Each structure stands twice: as C-alpha cells, then as structure tokens.
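What follows is one structure encoded as structure tokens, with my remarks underneath.
The values are calculated or read from the model by the stated rules, or taken from the named source; none is laboratory data. Everything quoted here is computed from the prediction, not taken from an experiment. Using ideal geometry, Cβ is built from the backbone for each residue, glycine included, and neighbour counts are taken over all protein chains shown. Remember, those area values only see protein heavy atoms, side chains included, never the ligands or the DNA or RNA. Shrake-Rupley method; radii C 1.70, N 1.55, O 1.52, S 1.80 Å.
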Amino acid sequence: MSATSIPRRPLRKRIGARLGARAAAGPWLAGAADPDPTRPIRIIVPFAPGGVADVVIRTISPALGDTLGQPIVVENKGGGGGTLGTAQAAQAAPDGYTFVAPAASHTTTPELYTKLPFDPIKDFTAVTQIAIVPYLLVVNPSLPVNNLQEFIALAKSKPGALTYGSAGSGSSNHLAGELFASMAGVQLTHTPYKGSGPALTDLMGGHLSFMFDAVNTSLANIKSGRLKALGVGTLTTSRTVPDLPTISDSGLKGFEAITWVGLLAPAGTPKERIDALNRAIVEVIARPTVRDKLLAQGPEPVGSSPAAFDATLRSELSKWTGVIRKAGIPKVQ
C-alpha cells in the first residue's frame, strides 16, 4: 500500500488553509458522524501501480486533499481484472471515507465473470467520471492503407487476414476490435496477449496488422514512425491528438472506444458527501496545472455530475454486454 498525503505546513498556515478548505467543502463535514478533518479519505485503485487509474488519482489527490481539508490515502488493490479492489469498496462502510476508482472494465466484467462479488450499479453510488483515455486505431506502417476507408476496404477484400492484438480475451482493446468488426461488417483475427505491451511490440515488429491502443502508450511510437494512426475512438475530436480524425466521423458513425477513470462510493453514502466530493474534483481537474498534467500523460479531464456518470455506467454496461455476447467471448470461471 502507498499513500499520497497532504504535506505538513506551519501551524498558522495549516489552520487557515483548513478553515478555508472546510468552507469550500461545505457539506462534506455537515451532519457527519465523525467530522474529523484528520481522518483520511481512502481511494482504492483496483489495479497495480502505474496504470491509467493510478496515474489519474495520484495526479489529482494532493490538490483534492487540500480542497477538502482531508488527507487522501491512495491504496492499490489489484487483481481479478479490477474486481478484487472493487469488491472491497462495495463492502466498505458508506460513511464517505472510502471510494473506489474503477476503469472501463467495471462495465465489462459483469458479462465476463461467472461469479462477480458485487453489482456494478446497485452496490455503488456514482461520484464522477474523472477522465477518459482515447483508443487509437494504429497499424504497422507497412500495411498499405492511409485512412479508415482504405483499411475497411482491405479488411473486406481479405476476410480474416488482418490480425490484431490485445491485452487478453475480454480486455478493453479486444472488445474495441470486436465492436469495430461488427460495425464495419468485416472479419478480423484476434490474438490475445498477456498485456498490451507485448502486443504492441509484435505490431511494430510486423507480426500483427493493427491494434486498438491507448493514446498514452501509442503516441511516442506514432511520432517516431514505428506506428501509423488511422483514427481515434472518441466521438468528438480528441484534445490529445486534435489532428487525428475520429473513427466515427470517418465512416463508422457512433463508434466509440475509450477507457475511462471514475470515482464510485459504496451504495448508501450520504448525498451531501457525494455532491461535495463531485464539486471538489470538478474544480480541481479544471485547474490549468492539474488539467495540463493529465493531458500530458494521456487522460482527458471530464468531471461529469453524479447523475451523468450513473447514466454512462448503465449505457456502457448495456453496450459492452451486447458486444461480448455477440462475439461469444467465454466467461472467466
């Protein structure tokens, strides 16, 4: 376990900052059973250190702790594709001191796992979608295509000949490929790997035709010429790669393939704490220093309302359940 805590300051400054933070947080302490400004807020990241969710939470947590006047402790609880740490959060007391920062797999694991120890909707209360990370459709430079339409035409002319890698069966970039094949009406061959890194290496080595990869890991290889990008999986122009056309605007209307990082609380957490934390996060990620640091690493800040994030979760769950069932992806026992 590792922690991100608010650094100590001289007593007078700490008192002044804490009073100001309490005023800003407002309802955070109102009516609390344990209104202790020294009690840490725990954010469980259900993945190993260094992943997108971990990067996002550790980027915003110092400023968030200052705003709320509470220490923020970040705990990595990886395993089970994010299910172990998420299950722990679902079982935590709904007192406003424990949260979980899931990624897009939160809405795919229900259809991929035979037994899931939590309900992705009913056992949680949405706080906010903090950021999204676009997937890019990247190809080996030797593939004789320069845009999406040429890529689809090639795939249709050679059914099953184009191969793509992923982080494993049921991973987000695997599902992006299945969604693409369904919407484009093409046959593609999927090759699962133990992580996106080895798949990306094989793509650059000419052993794969293409891949859906997160912008933060592909961008340097695109700039160096080791990969060629044909489109981005966001519905609107990406702030990270503004010159790259969206796949949706290039012929597959409505295609969206992204991963995201959000924040959830155990079901039953007081609404005033959900709302206060939402306001604090929205304010923090709008700061130029925080926003620019996130963008430099790949994630694009969002800051949705609790209601909007809840609607996103339900929509994503329905979408990816359909993709998984249509593709016939086997469940994890």
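Data table
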item: Residues located in the range 165-203, provided they are closer than 20 Å to Lys228 by Cα, among the polar types (S, T, N, Q) and over 22 Å from the mean Cα position of the chain (by Cα); result: Thr189, Thr191, Thr201
item: Positions within the range 169-189 being closer than 21 Å to Asn221 by Cβ and out of contact with any helix residue (DSSP H, G or I) (no Cβ under 6 Å at 6 or more places or on another chain), in sequence order; result: Ser171, Asn173, His174, Ala176, Gly177, Phe180
item: Some residue of the range 296-308 being open to solvent by 60 Å² or more (accessible area, probe 1.4 Å), outside any helix (DSSP H, G or I) and farther than 13 Å from Gly170 by Cα; result: yes
item: Positions within the range 164-188 being open to solvent by 30 Å² or more (accessible area, probe 1.4 Å), modelled with pLDDT of 95 or more and out of contact with any Pro (no Cβ under 6 Å at 6 or more places or on another chain), in sequence order; result: Glu178, Ser182, Met183, Gly185, Leu188
item: Residue in the range 177-185 that is in contact (Cβ under 8 Å) with a residue 60 or more places away in the chain, at negative phi and in a strand (DSSP E or B) present; result: no
item: Check on Asn221, in contact with a Leu (Cβ under 6 Å, 6 or more places away or on another chain), in contact (Cβ under 8 Å) with a residue 40 or more places away in the chain and open to solvent by 10 Å² or more (accessible area, probe 1.4 Å); result: yes
item: Residue check, Ile130 more than 15 Å from Ile247 (Cβ to Cβ), open to solvent by less than 60 Å² (accessible area, probe 1.4 Å) and in contact (Cβ under 8 Å) with a residue 60 or more places away in the chain; result: yes
item: The lone exception for Arg287 - which of (1) touching a residue at least 24 places away in the same chain (Cβ under 8 Å); (2) over 18 Å from Ser61 (Cβ atoms); (3) surrounded by fewer than 23 Cβ atoms within 10 Å (Cβ to Cβ) it fails; result: (2)
item: The range 229-245 residues that are over 11 Å from Glu300 (Cβ atoms) and assigned to a loop (DSSP other than H, G, I, E, B), paired with ones that are modelled with pLDDT of 95 or more and among the charged types (D, E, K, R) (beta carbon under 7 Å, 6 or more apart); result: Gly233/Glu256; Leu235/Glu256
item: Residue satisfying all of: in the range 63-96; modelled with pLDDT under 95 and either aromatic (Phe, Trp, Tyr) or surrounded by fewer than 19 Cβ atoms within 10 Å (Cβ to Cβ) (or both); nearest to the chain's Cα centre (by Cα) among these; result: Gly78
item: Which numbered condition Gly268 misses (of (1) open to solvent by 30 Å² or more (accessible area, probe 1.4 Å); (2) under 17 Å from the mean Cα position of the chain (by Cα); (3) in contact (Cβ under 8 Å) with a residue 60 or more places away in the chain); result: (2)
item: Search result, residues across the range 111-127 that are part of a loop (DSSP other than H, G, I, E, B) and either at pLDDT 95 or above or buried (at least 24 other Cβ atoms within 10 Å of the Cβ) (or both); result: Phe118, Asp119, Pro120, Ile121, Lys122, Asp123
item: Residues located in the range 140-163, provided they are part of a loop (DSSP other than H, G, I, E, B), closer than 24 Å to Gly254 by Cβ and open to solvent by 30 Å² or more (accessible area, probe 1.4 Å); result: Asn146, Asn147, Pro159
item: Residue list for the range 243-254, filter: more than 14 Å from Lys223 (Cα to Cα) and at pLDDT 95 or above; result: Pro245, Thr246, Ile247, Ser248, Asp249, Ser250, Leu252, Lys253, Gly254
